[in-house]
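Asker: The structure under discussion is supplied below as C-alpha cells; questions concerning it will follow.
The values are calculated or read from the model by the stated rules, or taken from the named source; none is laboratory data. All values reported here derive from a predicted model rather than from experimental measurement. Note that each Cβ is placed from the backbone with ideal geometry, even for glycine, and that neighbours are counted across all protein chains shown. All accessible areas refer to the heavy atoms of the entire protein, side chains included, with ligands and DNA or RNA removed. Shrake-Rupley method; radii C 1.70, N 1.55, O 1.52, S 1.80 Å.
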Amino acid sequence: MTKKKNTLDKKPPTKPKHTSKTDPLSIRILRVMRDAGRPLFLREINKAANLNREERHESASALEALINKGLVLQIKGKRYGLSDLMHLVTGNISVHPDGFGFVTPEQTGGPDIFIPPKALKGAIHGDRVVVRIEQTRGRRQEGSVIRILERRTKRIVGTFHKGKDIAIVVPEDERLAFEVAIPKKATLKAKNGDVVVAEIVNYLPEGRSPEGRVIEILGDPNDLGVQARIVINKYELPHEFSDDVVRQAAELPKIISQEDISDRKDLRAIPLITIDGENARDFDDAVFAKKTKTGYVIIVAIADVGHYVKEGSPIDEAARERGTSVYFPNAVVPMLPETLSNHLCSLVPGEDRLVLAIELNLDRQGNLRRVVFSKAVIKSHRRLTYTEATSLLGCRTSDIAEEDRWLAKMLKLMKELALILNAKRVERGSIDFDMPEPEIILGLQGNLEDIVRRERNIAHRIIEEFMLAANEAVAAHLAKNDVPTLYRVHPEPDRLRLNDFVSFARGIGLDIALPDEMSPRWCQEVLLKAAGSPIEYIINTLLLRSMQQAVYSPINIGHFGLASTHYLHFTSPIRRYPDLIVHRILTANMGRRKKTPLYTEEVLSDLSRHCSQKERTAMEAEREMIDRLKVRLMADKIGEVYEGVISGVASFGFFVELKDVFIEGAVRLVDLTDDYYVFDQAGYRLVGQRHKRTFQIGDIVKVRVKEVNVARRHINFEVIEERPASSRASNCNKTVVGG
C-alpha cells in the first residue's frame, strides 16, 4: 500500500521570495510564514528565513512579540500560524450581562464579532482574546474564543459575603458573571454587606470561581461617599497623589511675588469678574467687556497653570495620567493638587493671580478685527453665580445697590454681545440641541434630596459664548502660524446613520432630504423645522444619536457641531490636560514671528488618543454615579405615578424619562399585557399586533414605579395611561454639540 504524502509535511522553500536580511526580524518571519502557506515549527521558520546564529536566538522573542500583537498564534504541536490565514482575530471582549459577548478586532478595525455564551470558553469581560470566526450572517460575524491572551481584570469592586469556611465577593459590574472566592486569612476583616476592592490572585479553569484577596474596604453601600469611591475604583481613576506630587505641591509659593509679575501685563485695574455655578470648585476663567466707538472689547483671562506646572515634573506627570478632573455631585477627583486648583490658579476675588489673557476686538456685528494674547496679572473684582448674574440682569437700575450698578451695566453689555455672538454662530450653522441635563440636589448633610432638570439661563450663555470665542481665537492663531497643536475636532455624521434618520423623519411627516454634501446648517434647519412641534423631542434625540463624538487630534478637520473651521480647548487648564498643552504652545509662540513647535505630531497624536480616552472614561464614570443616585432616589417611591416621555425603544421594551424628576426607567415588554407587541426598528416603536397600539420615541405616557433593583441600577415602570400618539414631548434646554 502506497503511503499518501501529507501536504503538512512539505518543506517550506529555503529562500523566501521577498525576504531581505536588511528587513526587521519580525517582518522577515511574517514573510516566510506567508510564503510557506502553512503553520511552521520554529526551526522551519529559522531555516526559511536564513537566520544566522545570533538571529536564531532572537527569533523566539520576535515570535512572542508577534503573538502578543495578535498576528501569529501558536497551535498544537508547537507550530506557529498566521492569524488571518486561520480566520483568527485578536481583540478585547465585552461581555453582556445576559452572557453573550462581542470582540472588537485590534488589527482589522472591522465590525465586532458576536460570541455566543457557550463560546466564551471561560473568557470574562475585558479579557484580550483570540477568536476563531465560525460563520458570517450578513454583516455580522460569529465566533468562539480559542485562547485567552491576557486577563485584564486584576481588581474588582463588589459586595462581601462571609461564609463558614470561605467568603465571596460578588462583583458590582453585572458584566462580570462570577464570584471571587476569598480565603479566611485574606478578608481584611470585612463585614457582611461591605463593599470591598478585591484583587484576583488566581484564575482557575473554566467553571470555577477565581481566587482573590480583599485589599481595601470601601464601606456601607448606602453611604453616598462610598458610592463615589465604588465608581472611582471601578473605573480605576487615579485618585491619590504620589509623595513626589504632594512634596512638589507643598513647595509651591503661597503668594504671587513681584518677580512673578515683572514681565507681565498689569490688568489688575480692569474689573474682571468670574461667573460660575453655585457649587463650582475651581474658578479658572474671568471675563470683562466694554463698548468702543467701533464695536466691543472682550477680555478673557484664564489661569496660567503652565507657570506652575512644568512639563515632566511630578505634578505634570500626574495631570497627564489623569487627563481630566472627574466631577461627582458629592466629590471630585481633581487633575491637579488642591494647592493649585483651589488656591494659586483659582481666580478668587481680591487676590493677584497669573493668567494668559486674550483681548478680542470686535465690530458692532461681532466680527473679530484684532486679537491680542498676553501673559498678565489680574485681580478679580467679583465672584458671581449664574443665578446672581441672571438676577442682576432682570433688575431695574433703581432696584440695584449703588455699589453694584457698574456690575449690572457690564452684565447687560455682556448679554448684548453674547446674543450677537450666538446669532453669528447660528448664521454659520452651529447646532444647538434641545436636550436636558440633570442637576443633583443634596441636603446640608450631603444626603440626596432630588434630581431635577438643570436650568440654563442667559448667564450661562454669556460665559459659553465668550469661552467659545476665546477657544476659536487661539485655534485660528496657531493654525495661521502653522504651529502644531492639539485641536478639538468633531467629524461629520455617519452617512448611513443619517440615511436611517431621514427615512424615519419623513415617515413621521417631516419633509426633509439628505443633501449631497453634509453641512451643520442642514442639521440646524432640520431642528428648526421640528421646533415647537409634537415631534421636536424625537427629532432632537435621533439626530443627536446620528452624530459622532468630538475628540482631540493634531490634525485639524474642523468642528462640525460648532460649524467652526478652527477650534480647540484652551479655557479650562485646571481640569483638562489638553488645555494645559495648548497653554504651553501658545506661551511659546506669543509675540514671536518665528514659530516654535513644542511637540511633534507623533507626540500630539499620542496625547490626543490618551486624552480622548480619559475623557470618555470620566464621562462614563460621571454618568454611572448619577445612575446610582437615581435608583436610590426612586427606591422608596414604589407605586408612585409620574408623567414621562418615551426616550428609547428596544426589542425588550422602552425607556421613559420622567417629566418632574430627571429619572429614566424601563417599561418591559412582559409588563405590556394588553397585546403582543412587535419591535419596529426602523420606526423606533413597538406595535401591538391585535389593536395596533404603538409606543414610539417622543410619546407622552403616564407610568407607575413598579420595582427598583438598587444593586443592578434598574428602575422598572408600568404604563397606566397613554396620551394620543400625536402627543410628543419638547424640551427647552440647549446642548452645544461636542464642545
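Asker: Mind checking which of Leu562, Val631, Thr387 is farthest towards the positive end of the chain's charge dipole, using Cβ charges of +1 (Lys, Arg) and -1 (Asp, Glu) about the Cα centre?
Answerer: Among Leu562, Val631, Thr387, the one farthest towards the positive end of the dipole of the chain is Leu562.
Asker: Here's another thing I want to ask about it. Using the scaling law 2.2 N^0.38 Å as the reference, what is the normalised Cα Rg of region 44-91?
Answerer: For region 44-91, the normalised Cα radius of gyration is 1.20.
Asker: Using DSSP to call loops (not H, G, I, E or B), can you name the trypsin sites (Lys or Arg not before Pro) in region 549-592 whose Cβ has at most 15 other Cβ atoms within 10 angstrom?
Answerer: Passing sites in region 549-592 are Arg592.
Asker: Another question about this same structure. Among Tyr642, Leu42, Ser61, whose Cα projects farthest towards the positive end of the dipole of the chain, with charges put on the beta-carbon of Lys, Arg (+1) and Asp, Glu (-1)?
Answerer: Going by the Cα projections, it comes out as Leu42.
Asker: Size of region 47-129 along its principal axes in angstrom, Cα-based, largest extent first?
Answerer: 53, 25, 20
Asker: Would you check the accessible area of Arg247, probe 1.4 Å, heavy atoms only, in square angstrom rounded to 10?
Answerer: Spelled out: Arg247, probe radius 1.4 Å, area about 120 Å².
Asker: Tell me which trypsin sites (Lys or Arg not before Pro) from region 65-108 have a DSSP coil assignment and no more than 16 other beta carbons within 10 Å of their own.
Answerer: Qualifying residues, ordered by number: Lys69, Lys76, Lys78.
Asker: For the chain, what is the accessible area per residue in Å² when the probe is 1.4 Å?
Answerer: Ligands and nucleic acids excluded, the result is 50 Å² per residue.
Asker: Quick check: Cα centre of region 250-300 to Cα centre of region 38-115, how many Å?
Answerer: 56 Å
Asker: May I ask you to give the average projected area over all directions of the convex hull of the Cα atoms of region 86-242, in nm² rounded to one decimal? Write out the running numbers ahead of the final one.
Answerer: Values: hull surface 45.0 nm².
Reported value for the Cα convex hull: 11.3 nm².
Asker: For the chain, what is Rg from Cα atoms divided by 2.2 N^0.38 Å, rounded to two decimals? Mind showing how you got there, number by number?
Answerer: Details: Rg = 29.8 Å, N = 739, 2.2 N^0.38 = 27.1 Å.
It is 1.10.
Asker: Follow-up question, since we're still on this one. Can you give the helix-only mean residue ellipticity at 222 nm for the chain, where every DSSP H stretch with n ≥ 4 adds -39500 (n - 2.57) and the sum goes over all residues, rounded to the nearest 500 deg cm²/dmol? Intermediate results must be reported in sequence, preceding the final value.
Answerer: Working: 15 runs with 204 residues, N = 739.
That calculation yields -9000 deg cm²/dmol at 222 nm.
Asker: Using the reciprocal of the averaged 1/r over all distinct C-alpha pairs, how large is the Kirkwood radius of region 545-672 in Å?
Answerer: 18.8 Å
Asker: To the nearest 0.05, what FRET efficiency results for Arg369 and Leu252 with a Förster distance of 41 Å applied to their C-beta separation? Mind showing how you got there, number by number?
Answerer: Numbers: r = 39 Å, r/R0 = 0.95.
The formula returns an efficiency of 0.60 here.
Asker: Based on Cβ point charges of +1 for Lys and Arg and -1 for Asp and Glu, what charge dipole magnitude is obtained for region 255-301 about its Cα centre, in debye rounded to the nearest 20?
Answerer: The calculated dipole for region 255-301 is roughly 480 debye.
Asker: If you fit an axis through the alpha-carbon atoms of helix 601-634 and take the longest principal axis of the Cα set of the chain, what angle between them do you get, 0 to 90°, nearest 10?
Answerer: Roughly 80 degrees, rounded to the nearest 10.
Asker: Placing unit charges on C-beta atoms (Lys and Arg positive, Asp and Glu negative, everything else neutral), compute the dipole magnitude of region 459-569 about its Cα centre in debye, rounded to 20.
Answerer: Dipole magnitude for region 459-569 comes out near 140 debye.
Asker: Which chymotrypsin sites (Phe, Trp or Tyr not before Pro) in region 567-663 pass both tests, a DSSP loop state and at most 15 other beta-carbon atoms within 10 Å?
Answerer: Hits after loop and neighbour filter: Phe652.
Asker: Only Cα pairs under 8 Å and at least 6 apart count here; give the relative contact order of the chain as a rounded whole percent.
Answerer: 9 percent
Asker: Now for a different question. Please give the helix 25-36 orientation as an angle from the longest Cα principal axis of the chain, in degrees from 0 to 90, rounded to the nearest 10.
Answerer: Roughly 50 degrees between the two axes.
Asker: Within the P(r) computed for region 472-577, what percentage of the Cα pairs occupies the region above 16 Å? Kindly include the intermediate steps, with their values, before the conclusion.
Answerer: On the way: 3461 of 5565 pairs.
Tail of P(r) above 16 Å: 62 percent of Cα pairs.
Asker: How big is the C-alpha Rg of region 426-529 next to the rule-of-thumb value 2.2 N^0.38 Å, as a ratio?
Answerer: On the way: Rg = 19.4 Å, N = 104, 2.2 N^0.38 = 12.8 Å.
Relative to the 2.2 N^0.38 Å estimate, region 426-529 comes out at 1.51.
Asker: Follow-up. On full extension of the chain, what length is gained from His161 through Glu707, given 0.36 nm per residue of separation minus the C-alpha to C-alpha distance?
Answerer: Numbers: separation 546, 0.36 × 546 = 196.56 nm, distance 2.43 nm.
My answer for the length gained is 194.1 nm.
Asker: In Å, the Kirkwood hydrodynamic radius of region 242-381 over pairs of distinct alpha carbons?
Answerer: Details: mean 1/r = 0.0609 Å⁻¹.
Mean inverse Cα-Cα distance, inverted, gives 16.4 Å.
Asker: Compute log10 of I(q)/I(0) for region 400-455 with the Debye formula, placing one identical point scatterer on every Cα and leaving out solvent, at q = 0.17, 0.21, 0.24 Å⁻¹, to two decimals.
Answerer: After summing over all Cα pairs, the log10 values are -0.84, -0.83, -0.87.
Asker: From the residues Ile275, Leu411, Tyr684, which one has its Cα farthest along the dipole of the chain in the positive direction, the dipole being from +1 and -1 charges on Cβ of Lys/Arg and Asp/Glu about the Cα centre?
Answerer: Tyr684
Asker: A further question follows. Largest first, how would Arg425, Arg208 line up by accessible area (1.4 Å probe)?
Answerer: Putting Arg425, Arg208 in descending order of accessible area: Arg208, Arg425.
Asker: Treating only the Cβ of Lys, Arg, Asp and Glu as charged (+1, +1, -1, -1), what charge dipole size does the chain show about its Cα centre? Round to the nearest 20 debye.
Answerer: 3140 debye
Asker: Ok, one more. Roughly how much of His161 is accessible, in Å² to the nearest 10, using a 1.4 Å probe?
Answerer: 80 Å²
Asker: Same structure, new question: So what's the Cα pair-distance distribution over region 178-309, bin width 5 Å, in %?
Answerer: 2, 7, 10, 11, 12, 10, 8, 7, 8, 7, 6, 5, 4, 2, 1, 0
Asker: A follow-up question, please. When you count, for each residue, the other Cβ atoms within 10 Å and take the mean per peptide, how do 624-635, 89-100 rank with the highest first?
Answerer: In descending order of packing, they fall as 624-635, 89-100.
Asker: Rounded to two decimals, what is Rg over Rh for region 136-224 when you use alpha-carbon atoms and the Kirkwood radius? Intermediate values should be presented prior to the final figure.
Answerer: Numbers: Rg = 15.8 Å, Rh = 14.3 Å.
Here the Rg-to-Rh quotient is 1.10.
Asker: Right, another one. Roughly what angle does helix 405-428 make with the longest principal axis of the chain, taking Cα atoms, 0 to 90 degrees, to the nearest 10?
Answerer: 50 degrees
Asker: In Å, what is the Rg of the alpha-carbon atoms in region 313-416, and how long is Dmax?
Answerer: Looking at region 313-416, its Cα Rg and Dmax stand at 18.2, 54 Å.
Asker: Sticking with this structure for a sec: Region 275-332: Rg/Rh from Cα coordinates, Kirkwood Rh? All intermediate terms of the calculation are to be shown ahead of the outcome.
Answerer: Working: Rg = 16.5 Å, Rh = 14.6 Å.
Expressed as Rg/Rh, it is 1.13.
Asker: I've got another one for you. In whole angstrom, how long is each semi-axis of the equivalent ellipsoid of region 103-167, when you take the square root of 5 times every eigenvalue of its Cα gyration tensor and sort them from largest down? Kindly include the intermediate steps, with their values, before the conclusion.
Answerer: Details: eigenvalues 191, 35, 21 Å².
Square roots of five times the eigenvalues give 31, 13, 10 Å.
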